[in-house]
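The values are calculated or read from the model by the stated rules, or taken from the named source; none is laboratory data. None of the values given here were measured: they were computed from a predicted structure. All Cβ positions, glycine included, derive from the backbone under ideal geometry; neighbour counts span all protein chains shown.
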Amino acid sequence: MKKSHLLKASLVMLSIILTGCSSLGVEPWERDLLAKDEMALSSAPLDAALDDHIYFSKEASSGGRSFGGGGCGCN
Amino acid sequence: MLKKPSRTIKSQPRDAGFLICFHAMASPCEVLIDTDDENHARTLGAIAAHEAWRIEDKFSRYLSHSVCGQLNANAGKRCAIDKETYLLLKFADDCYQMSAGLFDITSGILRKAWHFDGSDNIPSSAQISALLPLIGWQKTTLTETSFQMQQGMEIDLGGLGKEYAVDRSLQLINQQTDAPVLINFGGDLAANKARVIQHKAQPWQIGIDHPSFKKQQVVVSITTGAVATSGDANRFLLKNGKRYSHILNVKTGWPVDNPPSAITVAAPQCIQAGFLATLALLQGEHAESFLHAQGIKYWAIR
Amino acid sequence: MQLKQSTQLKSLLTTATCALLGSTTTQANELENWQFDTALMVYSEVDRVSAAEAIIAGERTYDNDQVLNLKLTLDALTGASANGAVAQPHVQTFTRPSGKGQYQADANTTPLDDTFKDTRVQLTGQWTQPLSDGYTWSVGGNFSKEFDYMSLSGNTNIAKDFNKKNTTVSAGIALAFDQIKPKGGIPDPLTPMIISDLISGYDDEGEDDDDGINPSSIASSDNKTTVDLLFGVTQVINRRMLVQMNYSFSQVDGYMTDPYKILSVLDINGISQEYRYEKRPDSRQKHAFYLQTKYHFEHSIIDASYRFMTDDWGINSHTVDLRYRIMLAGDHYIEPHLRFYKQAAADFYQPFLNQGTALPEFASADYRIGEMDTYTLGIKYGMPMKSGQKLAFRVEYYNQAPKNAGFTQPGVLAEQQIYESIDAIIAQVSYSF
């Protein structure tokens, strides 16, 4: 059962990250780089929206980064 | 050299909140936070302290590894600068333009001739004339990524650094809290909002205790905005009955006549207040009328 | 030299301070205003589809950090698209989706339906607001309409910050209702395309404007519903690095067949005997695992992501996306982009049907659900404008290479290219003000 293995592995990873995270991170005054617009996870939302539309209509996959696209009859 | 004070942060309860104390930029520094949550207050105080220390380390001319130290050591060469340094130098450039050349961060080199130790040790005209060619912001070249001045020149951001640290610290703190906060770095201060005491909005009342004005304490009252003070009554020379102030005219290299001992100015941002206070002192005996004409709130000590 | 006049000095000082400390002094005013991002993109495949898409997005931040996002998207599509039939050594004739008129494919070429011409309008709105205790809540809606399609969706999301905002955990749900009203109606799946010389002659205008009813139609419209769940963790690693991990689940029920796609039915010699409309299952469950990281070097930022998607149609896919932003003088930047994508074929994908064998329950020859590798190579150049606006240009090359998932090509088909690769160019201009 490939899928349940994957699910299990990701849950384990998630718990490692959640318990390990208290030692990670920065103090508020160390956010000089992270605070930049270009360090945002989606720093170019329109590029991402256009790309999502292209790849949603040309490939069989969607989702992951955000909600799974859609809203068009292209696929 | 004095031993550098250790970088520790102390916190103590104080009327409506907490007082965080530390030492930075050769001054006692305080952050007052109106909150019940001591941990929150400590976090905010630490933000201010780390920002003050960061700016001190980056821009102090006394530190050879600071940006300022490096620019001075490499005078004559074109030096790469980061964005923050550019913005600060650009602000100094704006100050130079606004003051018609009176406010000049390259003028610190006059300290080589003038030692304001209360003595009668007036430098000779020759000593000053020798230094004048090394002064002049217009001889520097500033771009967004580089800075170049002539060999032998020096810059000193001491006149802006502490005020800049106050503004930056308050900015960082405002990102983390809604609580009323007052920052006071050695008499340069800024507040984000009125404090609430017994359900009433109250201004912050601060006595500015400059060590040199023991008898005349300036008490200012602000809700938001900033206050900065310029002047030092202990720094002067006295010869043949004439008092020489430590406020130097960069164009002549000589002290301006009869400035107030100190001026405290209110402005929205601390760095604005600091610049206006210095600019007022540079007007000498016209300091008060200058500020009055500009419609700026001030407190002068003569 | 004269000292500046009083009013001038104050305003000069305000301007100078703004430059130094950011917008603090004018924050109150700026926050009242909208921030707009716009983009215009052209997508063009060699000999096939061309599309133009324009977006204007506005963001307004209110007091207390509430944010309203509104977005309007317009796009137009023209050109020809593969209809699913395989190339043949002879000219092939197909009925247009309306049932009126016909189009032809030359010998030895992939049959393309040149009917495609569509425009789409999409409106999106999202409201985000902080709650107490580090929670942020968001709610949004989306409406999209094109000639033959309508989509309506809503979503809500909750996020919580922990550990000095270094860790953010979020969960969201989105529901969508889509309705398709294809030209000519919904064709009866897996039944032969009726090609009658009596309907009309060969129509060479490449258009299909009549609201005719395809004789194969069994309904005028159909619909589907989608439920999406999204769970995410974002973690700041250090001053330079952050990581995001998402899991998303999607359940789609309803009509997912492409009404315009057909399959060739071949005899043992590989000669096409007829064409049948495709049929896909009416349920699909997708799982996607997404990992993204950003790292800030001294003068550059790397943005890397990987996605694994798997679904109960048997499609597994891997996507790797890399962007490397190099900061240049004066806040200009250049950003190369690389994307690799690999997918396995859906269980019911087959490039053609065989005459004389029983019809499968589901079948589609749409290359987009077949085995395929794609890659994208791109570059973006961005620069600030005089008063804070931003301008950026992007050019990308996109290649799709469908693969044979293990099907043997009988008779004459062995000579035909049925997994034709597709090249496309993407060009985009973005402007923010």
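Take the residues in segment C:159-186 that are of a type in the set (S, T, N, Q) and either part of a strand (DSSP E or B) or under 26 Å from C:Lys224 (Cα atoms) (or both), then tell me which one is nearest to the other protein chains (Cβ to nearest Cβ). Looking at residues that are of a type in the set (S, T, N, Q) and either part of a strand (DSSP E or B) or under 26 Å from C:Lys224 (Cα atoms) (or both), I get C:Thr167. Using the structure shown, decide if C:Thr357 is surrounded by 20 or more Cβ atoms within 10 Å (Cβ to Cβ) and of a type in the set (S, T, N, Q). In short, no. Selection of first residues in segment B:21-37 that are under 17 Å from B:Trp204 (Cβ atoms) and of second residues that are among the acidic types (Asp, Glu) and buried (at least 17 other Cβ atoms within 10 Å of the Cβ), restricted to Cβ pairs under 7 Å at least 6 apart or on distinct chains, gives the following pairs, ordered by first then second residue: B:Cys21/B:Glu30. A Cβ distance below 6 Å, combined with a sequence gap of six or more or placement on separate chains, defines the contacts here; from segment C:295-319, residues that are more than 7 Å from chain A (Cβ to nearest Cβ) and closer than 14 Å to C:Leu242 by Cβ reach residues that are among the hydrophobic types (A, V, I, L, M, F, W, C) and outside any loop (DSSP other than H, G, I, E, B) in the pairs C:Tyr295/C:Met241; C:Tyr295/C:Ile302; C:Ala304/C:Leu322. With respect to the stated conditions, C:Leu359 fails to be assigned to a strand (DSSP E or B), among the aliphatic types (A, V, I, L, M) and away from chain A (no Cβ under 12 Å).
Determine, yes or no, whether C:Ala344 is in contact (Cβ under 8 Å) with a residue 12 or more places away in the chain, out of contact with any strand residue (DSSP E or B) (no Cβ under 6 Å at 6 or more places or on another chain) and of a type in the set (A, V, I, L, M). So C:Ala344 does not fit the description; no.
Among the residues making up segment C:273-315, those that are part of a strand (DSSP E or B), surrounded by 22 or more Cβ atoms within 10 Å (Cβ to Cβ) and either among the aliphatic types (A, V, I, L, M) or more than 29 Å from the chain's Cα centre (by Cα) (or both) are C:Ala288, C:Met309. The residue list B:Ala75, B:Ala41, B:Ala126, B:Ala92 contains one member that is surrounded by 14 or more Cβ atoms within 10 Å (Cβ to Cβ), more than 14 Å from chain C (Cβ to nearest Cβ) and part of a helix (DSSP H, G or I), which is B:Ala41.
Has segment C:103-114 got any residue that is part of a strand (DSSP E or B), of a type in the set (D, E, K, R) and either in contact with a Phe, Trp or Tyr (Cβ under 6 Å, 6 or more places away or on another chain) or surrounded by 15 or more Cβ atoms within 10 Å (Cβ to Cβ) (or both)? Yes, segment C:103-114 has at least one match. If you go through segment C:402-433 and pick out every residue that is over 21 Å from C:Asp347 (Cα atoms) and either at pLDDT below 90 or charged (D, E, K, R) (or both), you end up with 3. Please work out if C:Asp258 is at the interface with chain A (Cβ under 8 Å from one of its Cβ atoms), part of a loop (DSSP other than H, G, I, E, B) and of a type outside the set (Phe, Trp, Tyr). Yes: the conditions hold for C:Asp258.
Quickly run through segment B:74-118 and pick out the residues that are modelled with pLDDT under 85, among the charged types (D, E, K, R) and in contact with a helix residue (DSSP H, G or I) (Cβ under 8 Å, 6 or more places away or on another chain). The answer is B:Lys112, and nothing else.
For B:Gln216, the conditions (1) in a strand (DSSP E or B); (2) modelled with pLDDT under 70 are fulfilled apart from (1). Taking the criterion of being of a type in the set (Gly, Ala, Ser), under 21 Å from the mean Cα position of the chain (by Cα) and more than 30 Å from C:Ser272 (Cα to Cα), the residues of segment C:395-433 that qualify are C:Ala427, C:Ser430. Does C:Thr156 count as hydroxyl-bearing (Ser, Thr, Tyr), in contact (Cβ under 8 Å) with a residue 40 or more places away in the chain, farther than 24 Å from C:Pro360 by Cα and within 14 Å of another protein chain (Cβ to nearest Cβ)? When the stated conditions are applied, C:Thr156 does not pass them.
Among the residues of segment B:100-108, is any over 24 Å from C:Gln8 (Cα atoms) and not in a loop (DSSP other than H, G, I, E, B)? Yes, segment B:100-108 contains a residue that is over 24 Å from C:Gln8 (Cα atoms) and not in a loop (DSSP other than H, G, I, E, B).
Filtered by the rule that a residue be touching a Phe, Trp or Tyr at 6+ places or on another chain (Cβ under 7 Å) and touching a residue at least 12 places away in the same chain (Cβ under 8 Å), segment B:94-127 gives B:Cys95, B:Tyr96, B:Phe103, B:Asp104, B:Ile105, B:Thr106, B:Phe116, B:Gly118, B:Ile122. Restricting C:Asn157, C:Asn142 to residues that are within 26 Å of the chain's Cα centre (by Cα) and within 30 Å of C:Pro259 (Cβ to Cβ) narrows the list to C:Asn142. Among the residues of segment C:274-294, those that are over 15 Å from C:Pro351 (Cβ atoms) and either away from chain A (no Cβ under 14 Å) or polar (S, T, N, Q) (or both) comprise C:Glu274, C:Tyr277, C:Lys279, C:Asp282, C:Ser283, C:Gln285, C:Gln292, C:Thr293.
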